[in-house]
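Everything below concerns the one structure shown next.
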Amino acid sequence: MTAIDTEQTADETTDYIGSASYSPEDNKLRLYPFARLDKETYDRVKAAGFSWAPKQELFVAPMWTPQREDLLLALCGEIGDEDTSLVDSRGGKGRTVRRIQGFANSRRPSRTRCSRIHRRWDAKVTDLSRASLRTSCA
C-alpha cells in the first residue's frame, strides 16, 4: 500500500455527521446533520455559536468565523455552497404570504356580498328616515 492509498482509506473510513454549507448572501454557515447529534458533538456545535432551526431542521451560525469553519470541516469534511437562495431558504414565509393571499382571495366574494347587503340596508334605512320625516312634517 502506498501513501496515497493510505490517505484514501483514512478518508473513506471517516464518519461525518452531516453536510455543511456557506451562503455568502447572508454570511451564514449551516450544518445539516444526518441524525440527532450526540451530547458531546451537540455541546461543541452550541459552544461555537450555532443554534437549531427546527423548521429547516439544521443548525445555523449567525456569521462566518474561522473557528466555525474549522468545526464544520472537522464534522463534515467539506463546506459546500448553499444550493438555495435567500428567498428559497425562507420559503416558510413565502408559503405564509401565499396562504394569506389565498384567504384574501377566497374572502373576496364574501366581502362583495356583504357590501351589497350593506348598501341595501343603508338604502332601506334612508328610505325609512325620509318616510318618517315626511309623516312628522305633514
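None of the figures in this text is laboratory data; all of them are computed from the coordinates on show. Just so it is clear, the structure is predicted and the values come from calculations on it, not from any experiment. Heads up, the Cβs are rebuilt from the backbone with ideal geometry, glycines too, and the neighbour counts pull from every protein chain shown.
Spin-label model, Asp15/Phe34: points 7 Å from Cα along the beta carbon direction are separated by 0.9 nm. Amide H contacts of Lys28: Ser23, each under 5 Å away and 5 or more positions distant or on a separate chain (H built 1.01 Å from N in the peptide plane; Pro and chain starts excluded). For the peptides 42-54, 60-72, 114-126, the ranking by mean Cβ contacts within 10 Å, running from highest to lowest, is 60-72, 42-54, 114-126.
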